[in-house]
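Below is one structure, written out as structure tokens; comments come after it.
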Amino acid sequence: MKTNAAEFDLRTPATLGEALALLGEPQGKWRPFAGGTDLMVLLESGNLMHKNFVNLRGFKELRGIEVSPQFVVLGALTTFSAIQENELIKKEFPCLVQAAAQVGAIAIQNRGTIGGNIGNASPAADSPPALLIYDAEIELMSTSGARWVSYDSFHTGYKKTLLGAGELISKIRLPRTTRASGRTVHYFRKVGARKAQAISKVSVAGWAHVEKGVIKEVRLALGSVAPTVVRGKNTENLLKGKVLSPALYEEARSILGGEISPISDIRSTDVYRKRIAQNLLSEFLEHVGLDQ
Ligand SMILES: Cc1cc2nc3c(=O)[nH]c(=O)nc-3n(C[C@H](O)[C@H](O)[C@H](O)COP(=O)(O)OP(=O)(O)OC[C@H]3O[C@@H](n4cnc5c(N)ncnc54)[C@H](O)[C@@H]3O)c2cc1C
């Protein structure tokens, strides 16, 4: 429901250091404000819990996409449009591009940031499953310095994260992996009520490296099926080192069903979400098995 926009305080410090100092003030009064595409919706609906925000948009330290032999590093303010325009990300991390292309519509992709998508900590967000299959790491920064953490460990519960007092997400890095032989499969699929402007009912990202029909490595991640985005680690463990067969398909579907815990809400039901997650796993495995 729309209400009159609540009063809020948005500060625009001159430097990142000043912004970190505000975020580090006692009682955690200040919160980061990036594109505002999540925050402004909460503000308009009267559901904004916090009223004090630090505007990050001017800080070049949080912008840009850098490439080294080991990593692609994205500043937290990287927009979904910038991700889709980057040739290297398109080539090496296509699921992230597919996810970025499914966030809202073009206006949201031009303004919404990857740091905000992670910081908002929704289990239905589009970029996190792709970040999980690519083994992303994120840099958390405060006045005390910076630390890298594995993205896999970042979401600790529904809307809970590893972010400590005064920390913001400054960078996201994706390890660049090359394999001398074999075939690499990238898979992303979001199921929503519509093709655009829909929050996912279920999303699945998969990555696998296959050699002579054997699944040497596999990563599977899912959105909207648990309190956080999750890796399907039991399913991965089953698949790793195996050659696909009809029996393995069925066992994988069953194990996946046992390791996710979707809920029923306004967008879907627990039964539908589980079935669709299993169907998307099957579709991913069809891509994995194509060369057999
Ligand atoms: C019409 C509409 C459609 C949408 N559709 C989708 C969709 O399909 N898929 C999807 O995933 N999302 C969707 N969203 C949600 C939103 O656009 C994304 O989550 C976006 O990535 C948020 O980024 P932002 O920069 O706008 O974040 P903001 O709104 O600025 O911030 C979001 C949250 O993250 C925190 N935050 C921001 N930056 C940082 C940082 N660097 N470090 C720590 N915390 C930070 C903020 O404090 C806040 O809690 C939609 C939103 C709208 C309005």
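The values are calculated or read from the model by the stated rules, or taken from the named source; none is laboratory data. None of the values given here were measured: they were computed from a predicted structure. Because the Cβ atoms are built from the backbone with ideal geometry, glycine has one as well, and the counts that use them run over all protein chains shown. Only protein heavy atoms, including side chains, enter the accessible area calculation; ligands, DNA and RNA are left aside. Shrake-Rupley method; radii C 1.70, N 1.55, O 1.52, S 1.80 Å.
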Under the 0.36 nm per residue contour assumption, what length would be gained going from the current alpha-carbon distance of E251 and K216 to full extension? 10.8 nm
The equivalent-ellipsoid semi-axes of the chain, taken as the square roots of five times the Cα gyration tensor eigenvalues and listed largest first in whole Å, are 34, 22, 16
If one puts a single equal scatterer on every Cα of the stretch 9-54 and applies the Debye formula without solvent, what log₁₀ I(q)/I(0) results at q = 0.15, 0.25, 0.30 Å⁻¹? -0.38, -0.91, -1.12
Where the chain is the region considered: accessible area per residue in Å², 1.4 Å probe: 48 Å²
For the pair R11/M49, report the inter-label distance in nm, with labels modelled 7 Å from Cα in the Cβ direction. 2.1 nm
Could you work out the pair-distance distribution P(r) of the stretch 158-243 from its alpha-carbon pairs, with 10 angstrom bin width and percents rounded to whole numbers? 14, 33, 34, 18, 2
Degrees between helix 270-288 axis and first principal axis of the chain (Cα, 0 to 90, nearest 10): 60 degrees
Expressed as a rounded percentage, what relative contact order does the chain have, with Cα pairs under 8 Å and six or more residues apart? 15 percent
Determine the calculated [θ] at 222 nm for the chain from helices alone, applying -39500 (n - 2.57) to every DSSP H run no shorter than 4 residues and normalising by the residue count; nearest 500 deg cm²/dmol. -9000 deg cm²/dmol
Quick note, the stretch 69-140: a/c under 1.5 would make it rounded; otherwise a/b > b/c is prolate and the rest oblate (a ≥ b ≥ c, C-alpha gyration tensor); here it is rounded
In terms of the charge dipole of the stretch 183-288, which places +1 on Lys and Arg and -1 on Asp and Glu at the beta carbon, the residue among N237, Q278, I199 farthest towards the positive end is I199
In degrees, nearest ten, helix 246-259 long axis to first principal axis of the chain (Cα): 30 degrees
Measure off 7 Å from each Cα along the Cα-to-Cβ vector at S153 and L290, then give the distance between these two points in nanometres to one decimal. 3.6 nm
When the accessible area of the chain is split by element with a 1.4 Å probe, what percent falls to carbon and sulfur? 53 percent
Compute the Rg/Rh shape ratio of the stretch 183-288: radius of gyration over Kirkwood radius, all on alpha-carbon atoms. 0.98
Simple spin-label estimate for V41 and K240 in nanometres, 7 Å along Cα-Cβ: 3.5 nm
Per the Kirkwood formula over distinct C-alpha pairs, the hydrodynamic radius of the stretch 47-93 in angstrom is 12.6 Å
For K216, the residues 5 or more places away or on another chain with a placed amide H closer than 5 Å to its own amide H are H209, V210, E211, G241
Ignoring ligands and nucleic acids, M141 exposes an accessible area, probe 1.4 Å, in Å² to the nearest 10, of 40 Å²
Between the stretch 113-175 and the stretch 191-236, the alpha-carbon center distance in angstrom: 18 Å
Mind listing which GluC sites (Glu not before Pro) in the stretch 44-124 are in a DSSP loop and have 14 or fewer other Cβ atoms within 10 Å? none
